[in-house]
Every structure is written in C-alpha cells, then in structure tokens.
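**Q** Okay, handing you the structure first.
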Amino acid sequence: MRIMPGGEPFFHPGGRTGCLLLHGFTASPQEVREMGEHLAQAGFTVLGPRLAGHATEVMDMARTRWEDWLASAEDGLHLLSDCCDEIIIMGISMGGVLGLLLGIEFPVRGVLSMAAPYWLPPDPRLKILRPVLRPLSLIIPTLPKGEGDGWYDQEAASRRVAYASRSLFSVVQLDHLLRVFRSRLPLYDKPLALVHSKVDRFIPPENCRHIQQAVASEEVDCTWLEQSNHLVTLDAERYRVFDLALDFALKISAAP
Amino acid sequence: MRILSERCKPFFHTGSDNGCLLIHGFPGTPHEMKWLGVQLASAGYSTLGVRLFGHGTRPEDLTRARWEDWVASVEDGYHLLRGVASNIVPIGLSMGGMLALLLSQGHAVRAAVVMDTPYQVPDPRLPLLRPIIPLLSAFWKFTPTPNLDDWHDPQARQENPAYERIAVRAAAELHDLFKGGHEAIPEIQVPILLLYSTSETTKPEDAYSFLKHLGSTHIQTHWIEGTGHNLPSDSGREQVLQHILSFLEAGGPKNSR
C-alpha cells in the first residue's frame, strides 16, 4: 500500500451537482474529507482527488512538478464530470489556486477558494534562498515544516495527515505555479467565494485581497475568519466554513 | 490551463455495487480501456478507468515516474470506486494486469482480470542494463515504443493515443514493477481471468508462468485469435468483453468467496 492511511482520495455519489474538493501543498485529501461529508449529506456528489506525489512519501513529491498536481486535479474534474451535470470547485490553499486555474478553462459553476496564496509565504529564509532554491534542492532535498503551532484547535492539528517536511524542489514548483496563477487570474470571470483568516500566520490575509482584485468576476463573496490559522477546513471555525461552502453551492447551482 | 487531451481523460460511471477498475498499460492512456468500460457500464457495473502517473501527457513526464507512482494511481482509482461499489475487480491490460494483481494485495478485491501481460519484461536487455539505467538515461533519454504496430483493427490503432517513444528511465521502473509483481504473485488467492492474444507481443509461456506461480486455485485462461496486443480495443474486443462478463457473473464478484 502506497497511500498513507487516512490520506486516501474519496467519492460520495449524490445529486446532479458535483463538488470537486482540492487539498493543498504537502497535504492529503484528509484536509477536505470532513467538508466533503457535510456536502454529501446535503445531497451533493463529492469527489476529493489526491494530488500526485502527495500522501505517500515526501521524496515522491520531490519528483513531481506543478503540472502533475494540476493534472491530478483535472483527473478529478473529469471523473466527477462523468457523474454530474454541473461542477463547483472548492480548494484550500494551493488547492484554491489549482481550482481557479481549472475554473478558467472548464465550464464550472463557480469556485470557492480558501486560504489561497497569491505570493509565496513571506518566510524570511525563502526571500534569501529563492534564487538558489533549485540547486540547493539537490544538496538539501527536504526541510522540516515545524508548523505545529498557531492552531486554534489542537486536536484537529493532531489528526492531520500530511508530510512532516517539505521538499525544496517542490517549493520551486509552487513558485512557478503561482507565477502562472498570477498571470492567468484576470481571465477568471465566474462566481467566486473567498475565505481567509485574518490571523493566518502562513499566508497573510493580503493574499486574499490580491486574488479578489485580480479576478474579472462581477461578484465575489469574501468571508474573514478570526479563530483559525491557515487550515480553515480543519481548524476551530471549520463548521462555519462548511456552512459557508454549502450556502455558496446552493446559491450558484442550477440543478435541484 | 489544460493538461489532458480529450482521449487521455480518466473515466467514471456509477452503477451497481459491483465495480470494475480499468487499468491501462505502459505507455498507454485510459482510452485503451474506454470501449470496455462503456460496455461494462451498460451491463450495469460501476466502472472507473484510471490514468496512471506520467501517462497521457508528454513522453518526458514518464522520466520522473517511479513504479510506486503507478501503484498509487491504481490505489486512487480503487478508493474512488469504493465510494460507490463494495465488490471491486481490477481489470488490467499488459502492465496494467500486473498492477491489478498488485492491488489485490492489501486491498479488498473480489477477483482480477489480466490481459496479455508478459510474465517477464519483454526487453531481454533490461535485467542486465537495470543497474546503470539511472546513469545511462541521462544520455539515452528515449527509445521507440515497441509493438506499436501490433494491431489488427487499423481504425482502433489510429484512434489510440500512446507515446511513440518511451523514456529509458521509465523502462527501469517497468523492470522493478515486474520484479515486485513476481514476489506478490504466489500470495494471490482471488479468482483470476487470464486473457491472451495470439499476437507477437506475448507468448504462450507468459500465460503458463502466471498459471504456475499464482497462488489462486480458481484461474481461467482464454486465447483470443485475430487480435493484436491491445485486447480491449483491437478486433477481438467483443470476445474479450464476453469472457469478462461471464467471468464476472460466474466466478467474480457475485459468487466467489
């Protein structure tokens, strides 16, 4: 068995409206599993793919590129499209980035992007190392994450299924993905909902405002959380986020 | 951004509690399993056709693939299909057949279907070259895909998208996957259907080796004539479908175990 226990992708059959749930960088479908269960209970068909290189071993991720992650998200979209008439994409962090990129290309009803980055995290180490990250990744393949603090729900933190370290080559790939994202984002013109915590220590709230300003959508619903760190689908306000996701899905879906 | 072309997309049909997981070969795409998937879906089965990592995009993408990535892609398909079906039968073509057998270890599958899977990696140079391939592939990146013309139905061949060159680095992974398969095969207990073409890609000895080494007591073997290696797409596909349907109904999900 390759996939980490608890990090498996998931599918819930339901109505003609499908929700594609995308997890984030170095994480696993566990990040959006509970949210998927809530949407499924409300009658939506739900699919949460595993992004390539994730939820196995961190060195598997070190071989993948941003195109592989986007291809995995696209796989999920095609599988879900076969079961539904309309699709809504919901993604957390890098999953929000991938969701918006797919939303530009494919006929989806709308996108809910949660805690998504517009720029790389403002880590001071990253600022210095960014130009040499690629050659450095050959010498130092991975670095420990050390992001256990800052959670509002410590128990949720302990349930997390994700890599304990991140590969430097993957950070180079994330940087590349975000460059593509910033250049393509003005092409997004469908309904959009954004959720971000005012106290996100990893991806500061400015990122959310940048996304809001960059898109061409007429209407953008923006919700600010106050009792969550970065991972809003897992942290203390997750039920508020689930309700918000459900309201957004009900609002923009045409099928009964 | 769009990565996958129309014919390289994975596919999913939700039907009954009996699910078929369709696994393509090396270096193929879900398209080669599509016709079979559609037929099994209309017979009532839930069907899911996976896209293996590095396949269906660009030949270069296979350079960074490792066989464990393909195993993980199959596991992805299994977990998604489990959302709708509890009795799962993996059905694989060529390398996909080996992946179907590997999935039956550690996952609840009811049976497995193996189509035209060689027992040994087809290229006899591979075991010898394997240790130096990671180095060698820095200079010798691609080799033409073998047996591209092993087809009887010219239209099916034309419609089938597959890389025309394979990454030499990935050939090493094919070798390792088969090695992993050989270790697993004696442990496998579930009913197995072996379908083989009489084409040049596989030999009768391949089927005999599977018969000899598999731990299963319930194994059916059929030979399909007048078809190439690509059993579920080429001219023998109707016969392939009939064999699979009768296997699924008699020895597969409903009655076995």
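**Q** Counting only protein heavy atoms, what percent of the accessible surface of the range A:123-211 is carbon or sulfur at a 1.4 Å probe?
**A** 60
**Q** Turning to a different aspect of this structure: Which net charge results for the neighbourhood of A:E218, defined as the other residues with beta-carbon distances under 15 angstrom from its beta-carbon, given Lys and Arg at +1 and Asp and Glu at -1?
**A** My count for the surroundings of A:E218 gives 0.
**Q** Choose one of B:S209, B:V190, B:F142: the residue whose Cα lies farthest towards the positive end of the charge dipole of the range B:110-219 (beta-carbon charges +1 Lys, Arg; -1 Asp, Glu; about the Cα centre).
**A** Checking the options against the dipole of the range B:110-219, the answer is B:F142.
**Q** Dividing the convex hull volume of the alpha carbon atoms of the range A:1-48 by its residue count, what do you get in Å³ per residue?
**A** Residue-normalised Cα hull volume stands at 66 Å³.
**Q** Now for a different question. Give the Rg (one decimal place) followed by the Dmax (whole number) of the range B:93-186, computed from C-alpha coordinates and expressed in Å.
**A** 15.2, 44
**Q** Then there's this: Given the Cα atoms of the range A:91-164, and with Rh set as the inverse mean 1/r over their pairs in the Kirkwood sense, what is Rg to Rh to two decimals?
**A** 1.05
**Q** Calculate, in nm to one decimal, what A:S165 and A:E34 gain on full extension: separation in residues at 0.36 nm each, minus their alpha carbon distance.
**A** Roughly 44.8 nm would be gained on extension.
**Q** For every other residue with a beta carbon closer than 11 angstrom to the beta carbon of B:I224, add +1 if it is Lys or Arg and -1 if Asp or Glu, then tell me the sum.
**A** Net charge in that neighbourhood comes out at -3.
**Q** Extending each Cα 7 Å along its Cβ direction at A:R182 and B:D17, get the distance between those two points in nm, one decimal.
**A** Rounded to a tenth, the inter-label distance reads 5.4 nm.
**Q** May I ask what percent, to the nearest 5, of DSSP beta bridges between residues of the range B:104-239 are antiparallel?
**A** 25
**Q** Taking only protein heavy atoms into account and a 1.4 Å probe, give the accessible area per residue of the protein assembly as shown in Å².
**A** Here the per-residue accessible area is 39 Å².
**Q** Ok, one more. For the range B:119-257, what is the charge dipole size about the Cα centre, in debye to the nearest 20, if Lys and Arg each add +1 at the Cβ and Asp and Glu each add -1 at the Cβ?
**A** So the dipole magnitude of the range B:119-257 works out to roughly 440 debye.
**Q** Just for the Cα atoms in the range B:24-76, what are the lengths along the principal axes, largest first, rounded to whole Å?
**A** Largest to smallest, the principal-axis extents are 38, 20, 12 Å.
**Q** log10 I(q)/I(0), Debye, Cα-only the range A:156-238, no solvent, q = 0.17, 0.22 Å⁻¹?
**A** With one equal scatterer per Cα and no solvent, log10 I(q)/I(0) is -0.88, -1.17.
**Q** Under a straight-distance cross-link criterion of Cα-Cα below 25 Å, which lysines are reachable from B:K141, leaving out those fewer than 8 residues away in the same chain?
**A** Those lysines meeting the cut-off are B:K179.
**Q** Right, here's the next one. Roughly how many Å is it from the Cα centre of the range B:13-86 to that of the range A:30-64, as a whole number?
**A** A separation of 17 Å, based on Cα centres.
**Q** Next question. Cut-off under 16 Å on the C-alpha distance; same-chain residues fewer than 8 positions from B:K9 excluded. Which lysines are left, in chain and number order?
**A** B:K9 reaches B:K34.
**Q** Residues of A:47-56, mean number of Cβ from any other protein chain within 10 Å of their own Cβ, rounded to a whole number?
**A** Average neighbour count from other chains, rounded to a whole number: 4.
**Q** If the reach is capped at under 27 angstrom between alpha carbons, list the lysines near A:K198, excluding any in the same chain fewer than eight residues apart.
**A** Those lysines meeting the cut-off are A:K127, A:K145, A:K190, A:K251.
**Q** Can you work out the base-10 log of I(q)/I(0) for chain B at q = 0.11 1/Å, using the Debye formula on its C-alpha atoms alone?
**A** These q points yield log10 I(q)/I(0) values of -0.53.
**Q** For A:V58, what charge total do you get from the other residues with a beta carbon under 12 Å from its beta carbon, if Lys and Arg give +1 and Asp and Glu give -1?
**A** Taking every Cβ under 12 Å from that of A:V58, the sum is +1.
**Q** Okay, next question. Size of the dipole of the protein assembly as shown about the Cα centre, Lys and Arg at +1 and Asp and Glu at -1 on the beta carbon, nothing else charged, in debye to 20?
**A** Approximately 980 debye in magnitude.
**Q** Within 10 Å of each Cβ of B:83-95, how many other protein chain Cβ atoms are there on average?
**A** Across the residues of B:83-95, the mean count of other-chain Cβ atoms within 10 Å is 1.
**Q** Under a 10 Å cutoff between Cα atoms, tell me which one of A:P124, A:P107, A:P144 has the largest fluctuation in the Gaussian network model of chain A.
**A** Ranking A:P124, A:P107, A:P144 by mean-square fluctuation puts A:P124 first.
**Q** Let me confirm one metric for peptide B:41-53, namely the mean number of other chain beta-carbon atoms within 10 Å of its residues' beta-carbons.
**A** Average per residue, whole number: 2.
**Q** Considering only C-alpha atoms, what is the centroid distance from the range A:213-256 to the range B:203-222, in Å?
**A** 54
**Q** Can you tell me the length gained on complete extension of the stretch B:W223 to B:D149, counting 0.36 nm per residue apart and subtracting the Cα distance?
**A** 24.7 nm
**Q** Which order do peptides B:149-156, B:178-185 fall in by mean Cβ count within 10 Å, highest first?
**A** B:178-185, B:149-156
**Q** What share of all Cα pairs of the range B:59-104, in percent, falls into each consecutive 10 Å distance bin?
**A** Histogram of Cα-Cα distances, whole percents per bin: 25, 51, 22, 3.
**Q** Could you check which residue among B:P161, B:P122, B:P30 shows the biggest mean-square fluctuation in a GNM of chain B with a 10 Å Cα cutoff?
**A** The residue that fluctuates most here is B:P122.
**Q** Please check which bits of the range B:20-43 a label hung off B:L245 would reach, taking the label as a point 7 Å along Cα-to-C-beta and the cut-off as backbone N under 15 Å.
**A** B:35-43
**Q** Does a label point 7 Å from the Cα of A:L143, set along Cα-to-beta-carbon, have any residues of the range A:23-54 with amide nitrogen under 12 Å, and which are they?
**A** The answer is none, because no backbone nitrogen lies closer than 12 Å to the label point.
**Q** How far apart, in nm, are two points set 7 Å out from the Cα along the Cα-to-Cβ line at A:R209 and at A:D175?
**A** The modelled label-to-label distance comes out at 2.6 nm.
**Q** How long are the three semi-axes of the equivalent ellipsoid for the protein assembly as shown, computed from the Cα gyration tensor as the root of 5 times each eigenvalue, in whole Å, largest first?
**A** So the equivalent ellipsoid measures 40, 26, 20 Å along its semi-axes.
**Q** Additional query: Would you please classify the overall shape of chain A from the alpha carbon gyration tensor, given that a ≥ b ≥ c denote the square roots of the eigenvalues, rounded means a/c under 1.5, and beyond that prolate means a/b larger than b/c while oblate covers the rest?
**A** Rounded shape, in that the Cα axes give a/c under 1.5.
**Q** Which whole-angstrom value gives the distance between the alpha carbon centres of the range B:131-187 and the range A:144-208?
**A** With the range B:131-187 and the range A:144-208 each reduced to a Cα centre, they are spaced 37 Å.
**Q** At q = 0.20 Å⁻¹, work out log10 I(q)/I(0) for the range A:68-220 with the Debye formula, treating every Cα as an identical point scatterer and leaving solvent out; two decimals please.
**A** Listed by q, the Debye log ratios stand at -1.35.
**Q** Could you check the spin-label model distance between B:E159 and B:W140? Points 7 Å from the Cα along Cα→Cβ, value in nm.
**A** Going by the 7 Å Cα→Cβ label model, 3.7 nm.
**Q** Here's a follow-up. Given the options A:L177, A:S113, A:V32, identify the residue whose Cα lies farthest towards the positive end of the charge dipole of chain A (+1 on Cβ of Lys, Arg; -1 on Cβ of Asp, Glu).
**A** A:L177
**Q** Give me the Å³ per residue figure for the convex hull around the C-alpha atoms of the range B:162-257.
**A** In the range B:162-257, the Cα convex hull volume per residue is 119 Å³.
**Q** Moving to a separate point now. Among A:A164, B:S42, A:Y188, whose Cα sits farthest toward the positive end of the charge dipole of the protein assembly as shown (+1 at Cβ of Lys/Arg, -1 at Cβ of Asp/Glu, about the Cα centre)?
**A** A:A164
**Q** Mind giving me the FRET efficiency for A:W224 and A:L250? R0 is 25 Å, r the Cβ-Cβ distance, nearest 0.05 is fine.
**A** So, using R0 = 25 Å, E works out to roughly 0.70.
**Q** Size of the range A:1-143 along its principal axes in angstrom, Cα-based, largest extent first?
**A** 49, 34, 22
The values are calculated or read from the model by the stated rules, or taken from the named source; none is laboratory data. Everything numeric in this text was worked out from a predicted model, so none of it was measured. Note that we place each Cβ from the backbone using ideal geometry, even for glycine, and neighbour counts take in every protein chain shown. Note: areas computed on protein heavy atoms with side chains; ligands, DNA, RNA excluded. Shrake-Rupley method; radii C 1.70, N 1.55, O 1.52, S 1.80 Å.
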